[in-house]
Amino acid sequence: MNKKKLANIFRQTAYVRMGGTAEELRCAEYLQQQCQEMGLEAKIEGFPVQMANIERASLVVDGKAITCKGYSCAGSAEVEAPLYYLASTDPYSLSLCKGKIVMIDGYLGYWMYRDILENGAVGFITYDGNANYRDRDIDQRELRAQVAEGVEKIPGVNINAKDAIALVNGEAKMAKIVLKQEQYEGESRNVIADIPGEVAETIVFTAHYDSTSLSRGAYDNMSGSVGLLGIAEYFLKNPHKYSLRFIWCGSEERGLLGAKAYCRDHEEELKNVVLNINLDMIGCIMGKLIACCTSEDKLVSYLDYFAQEQGRGIRAYQDVYSSDSTPFADKGIPAVSFARIAPPPTATIHNSYDTMAVMKMEHMQADIDFICAFASRMANAVRMPVARKMPDNMKDKLDIYLCRKRDKK
């Protein structure tokens, strides 16, 4: 895929495309069209997702209105209570949540939500952005279905980091959250295309095409989605023994929902899948290529050697990657996620700065070429060399990542 074509795809998809929205569908249809133009039939497969229309969200602290965005899918409620900044999650600090609206650092994850609930919190505040940036952007966040599964929903809002600092610095006392919304079941989509091989055993390629609420998502992850188009184009012109399936996943940013839905709805077909190759953030100007292997550690060694053979610097390691590879690995399918990880000052994600400006088309081509070379080795192997068995240390990490058990650390 030439540089002009690559750049054109980035330009034509430079819009926010959150999972379950009309913009996500627009992008799914665009990717389907791109497949068809190269002679590859693709289908759009929908799956249900929780959605919400927020009618009102407000935060008032000590009589002053604070700009905020309400958490979608967190129900409708009005609460007024003392404000408590939870700076540490030790038992004593958590015990002080009782009857409070609790402000936390970072994302409201599965265990954090349960911790503040069990300790009596009546509402929550999160924050994002950067105190050193000029903007006052606020991400639209949701109380994810997995996070709130089986427990009470309490109202929450998200604010800018500058306001969070001001609240703590000013020793804010009382807070009031009003949240009103209509919740309903919507639809997100995966885009699926196949290139048959000589055998039924299949290599599945994945990348997500959705973005977060502030982001046009060039780096995270139109880059990976474009990468899949480039790999598909390569294999339409080059021989391969194994069958190949390409999946552009929807709603990854909402908790890997597209990949989870695919693995749930295609469970019988997974028995033929021998490897998952996932692309999530490639082709940026700065940074190094990594390969995160949720598999036996022999694949790490292989990639180290293969990269040297190809004259390419790479860091390969064994771990669980926070991307669409994880649901496949959880089904026992060895997975490798490729990414070009940029240093934070040079490219950031999940905000309005993730644009085409951080991308370099020559690096896109180089990353696609390297992944194609690796994929071609796998796709033409006499016998798939990567064991279809998940080692115990990776099973343990998958259990922790997917919140089936808590990290003792």
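The values are calculated or read from the model by the stated rules, or taken from the named source; none is laboratory data. This is a predicted model, so every value here is computed, not measured. Neighbour counts run over all protein chains shown; Cβ positions are idealised from the backbone, glycine included. To get the accessible areas, we keep the full protein, side chains included, count just its heavy atoms, and leave off ligands, DNA and RNA. Shrake-Rupley method; radii C 1.70, N 1.55, O 1.52, S 1.80 Å.
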Which condition from (1) over 21 Å from Leu229 (Cβ atoms); (2) in contact with a helix residue (DSSP H, G or I) (Cβ under 9 Å, 6 or more places away or on another chain); (3) of a type in the set (Val, Ile, Thr) is the one that Ile341 breaks?
(2)
Here the residues within the range 368-403 that are of a type outside the set (A, V, I, L, M, F, W, C) and under 23 Å from the mean Cα position of the chain (by Cα) are Asn393, Lys395, Asp396, Lys397, Asp399, Tyr401
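Only one of Gly129, Gly123 is open to solvent by 10 Å² or more (accessible area, probe 1.4 Å) and out of contact with any Phe, Trp or Tyr (no Cβ under 9 Å at 6 or more places or on another chain). Can you tell me which? Walk me through it before giving the result.
Details: Gly123 fails: open to solvent by 10 Å² or more (accessible area, probe 1.4 Å).
On inspection, the qualifying residue turns out to be Gly129.
Just to be sure before I move on: is Ala291 within 30 Å of Gly186 (Cα to Cα), surrounded by 15 or more Cβ atoms within 10 Å (Cβ to Cβ) and aliphatic (A, V, I, L, M) in the structure I sent? Full working, then the answer.
Values: within 30 Å of Gly186 (Cα to Cα): no; surrounded by 15 or more Cβ atoms within 10 Å (Cβ to Cβ): yes; aliphatic (A, V, I, L, M): yes.
Judged against the criteria, Ala291 is not a match.
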Among (1) closer than 25 Å to Leu214 by Cα; (2) out of contact with any Lys or Arg (no Cβ under 8 Å at 6 or more places or on another chain), the one test that Leu117 misses:
(1)
Given the criteria open to solvent by 30 Å² or more (accessible area, probe 1.4 Å), in a loop (DSSP other than H, G, I, E, B) and over 27 Å from Arg254 (Cα atoms), does Ala387 qualify?
yes
Within the range 211-260, can you find the residues that are open to solvent by less than 10 Å² (accessible area, probe 1.4 Å), more than 16 Å from Asn276 (Cα to Cα), out of contact with any Leu (no Cβ under 6 Å at 6 or more places or on another chain) and of a type in the set (S, T, N, Q)?
Ser211, Ser215, Asn221, Ser223
Here the qualifying pairs (Cβ atoms under 6 Å; residues six or more apart or on different chains; first in the range 17-43 and more than 17 Å from Tyr234 (Cβ to Cβ) and in contact (Cβ under 8 Å) with a residue 12 or more places away in the chain; second of a type in the set (D, E, K, R) and assigned to a helix (DSSP H, G or I)) come out as Arg17/Glu23; Arg17/Glu24; Gly19/Arg254
Residues of the range 270-288 being of a type outside the set (Val, Ile, Thr), over 12 Å from Ala329 (Cα atoms) and in contact (Cβ under 8 Å) with a residue 40 or more places away in the chain, which ones?
Asn272, Leu279, Asp280, Met281, Gly283, Cys284, Met286, Gly287, Lys288
Go through the range 151-202 and count every residue that is surrounded by 15 or more Cβ atoms within 10 Å (Cβ to Cβ), of a type in the set (S, T, N, Q) and over 23 Å from Met18 (Cβ atoms).
1
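If you check Lys331 against the conditions, is it at pLDDT 95 or above, closer than 15 Å to Ala387 by Cα and touching a helix residue (DSSP H, G or I) at 6+ places or on another chain (Cβ under 8 Å)? Explain how you work it out, then say what you get.
On the way: at pLDDT 95 or above: yes; closer than 15 Å to Ala387 by Cα: yes; touching a helix residue (DSSP H, G or I) at 6+ places or on another chain (Cβ under 8 Å): yes.
Yes, satisfied.
Here is a check on your reading of the model: is Gly230 in contact (Cβ under 8 Å) with a residue 24 or more places away in the chain, part of a loop (DSSP other than H, G, I, E, B) and farther than 26 Å from Gln140 by Cα? If you could, list the steps in order and put the result at the bottom.
On the way: in contact (Cβ under 8 Å) with a residue 24 or more places away in the chain: yes; part of a loop (DSSP other than H, G, I, E, B): no; farther than 26 Å from Gln140 by Cα: yes.
Criteria not met by Gly230.
Can you tell me which of Ile371, Ile349 is under 26 Å from Ala14 (Cα atoms), open to solvent by 10 Å² or more (accessible area, probe 1.4 Å) and either modelled with pLDDT of 95 or more or among the β-branched types (Val, Ile, Thr) (or both)? Can you show your working first?
Values: Ile371 fails: open to solvent by 10 Å² or more (accessible area, probe 1.4 Å).
Testing whether each residue is under 26 Å from Ala14 (Cα atoms), open to solvent by 10 Å² or more (accessible area, probe 1.4 Å) and either modelled with pLDDT of 95 or more or among the β-branched types (Val, Ile, Thr) (or both) leaves just Ile349.
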Residues of the range 1-28 that turn out to be exposed (fewer than 14 other Cβ atoms within 10 Å of the Cβ) and among the acidic types (Asp, Glu), as a count
0
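A quick yes/no check of all residues on (1) within 30 Å of Cys372 (Cα to Cα); (2) in a strand (DSSP E or B); (3) out of contact with any Leu (no Cβ under 8 Å at 6 or more places or on another chain):
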site	(1), (2), (3)
Val147	no, no, no
Val168	no, no, yes
Ala175	no, yes, no
Lys180	no, yes, yes
Gln183	no, yes, yes
Ser188	yes, yes, no
Ala207	yes, yes, no
Selection from the range 233-243 of residues that are touching a residue at least 12 places away in the same chain (Cβ under 8 Å) and either assigned to a helix (DSSP H, G or I) or among the basic types (Lys, Arg) (or both)
Glu233, Tyr234, Phe235, Leu236, Lys241
